[in-house]
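Engineer: This is the structure I have questions about; it appears just below.
The values are calculated or read from the model by the stated rules, or taken from the named source; none is laboratory data. This structure is a prediction, so every number in the text was calculated from the model and none was measured. Here the Cβ positions follow ideal geometry from the backbone for every residue, glycine too, while neighbour counts run over all protein chains shown. With ligands, DNA and RNA removed, areas are computed over all heavy atoms of the protein, side chains included. Shrake-Rupley method; radii C 1.70, N 1.55, O 1.52, S 1.80 Å.
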Amino acid sequence: MPVPTALTEAFSTVSGGIVSGALRQILAVWGVLDIQNLEASFAEYLTLSEPIIREAKHNSARAASGYYDMLRVAEAVPGPPPASKFLADLVASGELEMTLGPIGPAAIRKGIEAGMTFEQSAAAAWVKQSGQLAKHVQAGSRNTLAQRIAGDERALGFQRAPHKDGKCCAFCGVVASRGAVYKDRATSIASSNPNRLGKDYHDHCRCTPQPIFRRDTPLSPAGERFAALYEKHKSLNEVRRELDGRETAFDRKAKASGGDD
């Protein structure tokens, strides 16, 4: 395995661990919700969650900055990296309330009105909450990497590196299969908007941007697998069907031709 790929996978594992650790802590805090007093108990949940998210985001950003420096050394990039800081101050007052509030008490009550028990509705809300919380944490690493790439004249751009190939969704896999997005073509990584890179990810996504310093940088393992899948099907929806174990147009064509294709 190439050293940059190994470093990226190691960083992805560390980043995923930071997210998982934070979610475990916040799931315990989620238990303060009280059906008899949802608004007040949800406010308490947000208050208890904020320092957990702040610390995890800080750790995520710090890990990303270290990964960037190690990757630069592994790629034998000449010259020292430009001075920068990891983006640790990323939880503004009221930020969690703004993003988590719409999937809080009102959503839980709506589920109860639809026939769910409090426990069932709260569990459904937690799935949405955890997706948003994971995105908050990973914004630390994603925005830090975007900032480092945008400010480094030696960095060419980035490519998407999924957390684990076996758990990669079709959308992220196909994006990874496209390879590098170069700075000279990508408004999403322009220095005028360096944080955009940290926002183009769906809830529960564990992908990370891999900085690119060489144009011959290989795809991630997931990128290679999905490049072959997309070449086979020519359609994201068909790739999804194969991943789900459903019959694809390719399968139907093979059946119609007697299995010769």
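Engineer: Identify all residues within region 1-42 that are free of Cβ contacts under 8 Å to residues at least 60 places away in the same chain, over 23 Å from residue 160 (Cα atoms), part of a helix (DSSP H, G or I) and open to solvent by 50 Å² or more (accessible area, probe 1.4 Å); write none if there are none.
Structural biologist: 24, 25, 28, 36, 37, 40
Engineer: Taking residue 8, is it modelled with pLDDT under 95 and closer than 16 Å to residue 208 by Cβ?
Structural biologist: yes
Engineer: Then there is this: Check whether at least one residue in region 57-67 is open to solvent by 40 Å² or more (accessible area, probe 1.4 Å) and over 18 Å from residue 206 (Cα atoms), and report yes or no.
Structural biologist: No, every residue in region 57-67 fails to be open to solvent by 40 Å² or more (accessible area, probe 1.4 Å) and over 18 Å from residue 206 (Cα atoms).
Engineer: Is it the case that region 83-94 has a residue that's more than 23 Å from residue 155 (Cα to Cα), surrounded by fewer than 18 Cβ atoms within 10 Å (Cβ to Cβ), at pLDDT below 95 and among the hydrophobic types (A, V, I, L, M, F, W, C)?
Structural biologist: yes
Engineer: Moving to a separate point now. Would a scan of region 177-200 turn up a residue that is closer than 30 Å to residue 129 by Cα, at pLDDT 85 or above and assigned to a helix (DSSP H, G or I)?
Structural biologist: Yes, there is a match, as at least one residue in region 177-200 is closer than 30 Å to residue 129 by Cα, at pLDDT 85 or above and assigned to a helix (DSSP H, G or I).
Engineer: For residue 252, all conditions in the list (1) under 22 Å from the mean Cα position of the chain (by Cα); (2) modelled with pLDDT under 85; (3) basic (Lys, Arg) hold save one; what is the number of the exception?
Structural biologist: (1)
Engineer: Okay, moving on. Kindly evaluate residue 46 against the criterion of being in contact with a Leu (Cβ under 7 Å, 6 or more places away or on another chain), at pLDDT 95 or above and surrounded by 15 or more Cβ atoms within 10 Å (Cβ to Cβ).
Structural biologist: Against the criterion (in contact with a Leu (Cβ under 7 Å, 6 or more places away or on another chain), at pLDDT 95 or above and surrounded by 15 or more Cβ atoms within 10 Å (Cβ to Cβ)), residue 46 does not qualify.
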